[in-house]
Ligand SMILES: Nc1ncnc2c1ncn2[C@@H]1O[C@H](COP(=O)(O)OP(=O)(O)OP(=O)(O)O)[C@@H](O)[C@H]1O
Ligand SMILES: [Mg+2]
């Protein structure tokens, strides 16, 4: 009785009240359904799936055998000579991680004086700490700039020494992971702002500025990084007056910054172009100045749009720092290569390269994951 | 006899003819490349006067009002806004943009900022208003356009009508003397047009000087002191709404009105 009255006064969609929300058919959800739909949908796909599973399992078992079961983790050292006979006897059936155990200090710190290794080690930790702090949005304030300046100064003091009772270590002796981190960090930290200026300049109404920016991007992009590095290391000193000598690392660093900025500038420009003209007009109509408009309206939106290609370029740049090996700077990769020159360790390159690859992977993967999180967070406003 | 005399006679009580005009356009010409989009535009808008501009698509309505806050530059003639002549001088540009608010057809809110931030950005950075004060002012205007409860949302979370009302509030937060509207309701669904027009009527009642490009004839009749009809870059006719709509003098306006009526 009351039911009918209520139904008469409150019209409801008949379906909803009668049946209620239905669940999707069982077969359409869950991992089993997914596997059935994607892996075993026909005889052919079942066969391909099984064959691939077999191959993957075989390969994984082989890798576990090589990397763990048959691996040798350390070898005896007699009179400063590593005794690698046991490793050679494996004949490739197992990894000789002993080379990493033995040479890890060299890979990480190059030819830096052995008893001072704590200094570059501390620098690596400082770099990582700096990345972590910079990654947290809570710290995205003016103070972050001071943190950067302070940390980088501290790293410089630690690496060079010569003050506070630290012994002086010339730049030629630096090497390993620190070099990679120095090149990548300064590279990204300076190339990124430069690229923004270039991208803005390329859209400038002033013909001179525009031409300069176009010229810069086209010139640098048209040349491989290797030749830029060669120019920085070989040609550039020829033009300098007698007696003036700019640090080789610094020259390589400048080459990397200029190279990366050209690429980043095009990425940023893509973001600028993606913004509707109305955003510029609304900012103009409100009376915002060029820099206010750029800083508050244009860049925050443009950069959010291009986070994926930006991080793509950052990651590429991080790995491209390894090219400095051709001008004899001891980055992580060069140090690793050098470590196995010693006769006792010749032939154990795979272990070294796997380890170096893992280190690169950790940094690049962290960047990638972080950028995905950041992208999701910064673009929350686009979700209804 | 002439249209200008009619206009003066019908000025609303809010419009003050004694003082200098809020906007003066004197023989303004503009070209896009070879395309002559504004031809000898003469228009004088008194303080507190509400002018509605209508005309077929491509007739130069947007271009004309965008010249008033110099989103577009005219090439010949003089434009004087609030006693400041529009020149290449950057200082005059800043001064004018501070006094002239604009509302666009496509809202153009800043999607990455909240509604409140949209409204406070310019007062804080252009008017150098303290943040607290700017926020209080923004809340006041958001209340006036009847959406204070949305202050902390992002534009993408609002309906079109709500976004356009925010855009109006955002412009008002700069305390402009003149408001320009470029087809503020053309991008809206019919049920949202009314809420925006109501907001504009309310604004008209405060005595704001307004120039509004719109084809909403009801709105024009209700608030306009004068309607200006443009075609092919010229001002063809102008006068009080009743006279213009009921007794069009030119063929072009007759055709236009019949099209508008058929369209609605
Ligand atoms: N940036 C531009 N470059 C070249 N031509 C333009 C530009 N902006 C507008 N025009 C042209 O100028 C003329 C006037 O345009 P305007 O936008 O002022 O017309 P409108 O009256 O506002 O039309 P609508 O009702 O469609 O908005 C049109 O022919 C248009 O194609
Ligand atoms: Mg228009």
What is chain A by shape, rounded, prolate or oblate, if you read a ≥ b ≥ c off the alpha carbon gyration tensor as root eigenvalues and call it rounded for a/c under 1.5, prolate for a/b larger than b/c, and oblate otherwise? oblate
For chain B, what is the calculated [θ] at 222 nm in deg cm²/dmol (nearest 500), taking -39500 (n - 2.57) for each run of four or more DSSP H residues and dividing by its residue count? -12000 deg cm²/dmol
Describe numerically, in nm with one decimal, the distance between label points set 7 Å from Cα along Cα→Cβ at residue B:132 and at residue A:157. 4.0 nm
For n ≥ 4 DSSP H runs only, could you compute -39500 (n - 2.57) per run for chain A, divide by its residues and tell me the 222 nm figure to the nearest 500? -20500 deg cm²/dmol
Measure out, as a whole number of angstrom, how far apart the alpha-carbon centroids of segment B:63-124 and segment A:310-338 sit. 50 Å
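How large is the convex hull of the Cα atoms of the protein assembly as shown per residue, expressed in Å³ as a whole number?
Per-residue hull volume (Cα only) is 296 Å³.
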Mean separation of Cα contacts under 8 Å, 6 or more apart, over the residue count of chain B: relative contact order %: 26 percent
Please work out the FRET efficiency for the pair residue A:366 and residue A:78, using the Cβ-Cβ distance as r and a Förster radius of 41 Å; give the result to the nearest 0.05. 0.55
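Among DSSP beta bridges lying fully in the protein assembly as shown, give the percent that are antiparallel, nearest 5.
Counting DSSP beta bridges with both partners in the protein assembly as shown, the antiparallel share is about 55 percent.
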What are the extents of the Cα atoms of segment A:106-231 along their three principal axes, in Å, largest first? 56, 40, 24
Once you order the gyration tensor axes a ≥ b ≥ c over the Cα atoms, which shape class does segment B:23-262 get: rounded for a/c under 1.5, otherwise prolate or oblate by comparing a/b with b/c? oblate
Cβ-derived FRET efficiency at R0 45 Å, residue A:189 paired with residue A:57, nearest 0.05: 0.50
Sequence-separation-based contact order of chain A, relative, with Cα cut under 8 Å and 6+ spacing, percent: 18 percent
Ranked by Cβ crowding within 10 angstrom, fewest neighbours first, how are B:238, A:42, A:74 ordered? A:42, A:74, B:238
Determine, for A:206, B:203, A:90, the number of other Cβ atoms within 10 Å of each Cβ, and report the residues in order from fewest to most. A:206, A:90, B:203
Name the shape class, rounded, prolate or oblate, that the alpha-carbon gyration tensor gives for segment B:194-245, where a ≥ b ≥ c are the square roots of its eigenvalues, rounded holds for a/c under 1.5, and otherwise prolate holds if a/b is larger than b/c and oblate otherwise. prolate
Only Cα pairs under 8 Å and at least 6 apart count here; give the relative contact order of segment A:113-168 as a rounded whole percent. 36 percent
Determine the gain in length on full extension of the stretch residue A:379-residue A:101; use 0.36 nm per residue of separation and subtract their C-alpha separation, reporting nm with one decimal. 95.6 nm
The exposure ranking of B:250, A:84, B:209, fewest beta-carbon neighbours within 10 Å first, is B:250, A:84, B:209
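Values in this text are rule-based calculations from the coordinates and carry no lab data. On a predicted model such as this, the values are computed, not experimentally measured, just so you know. Because the Cβ atoms are built from the backbone with ideal geometry, glycine has one as well, and the counts that use them run over all protein chains shown.
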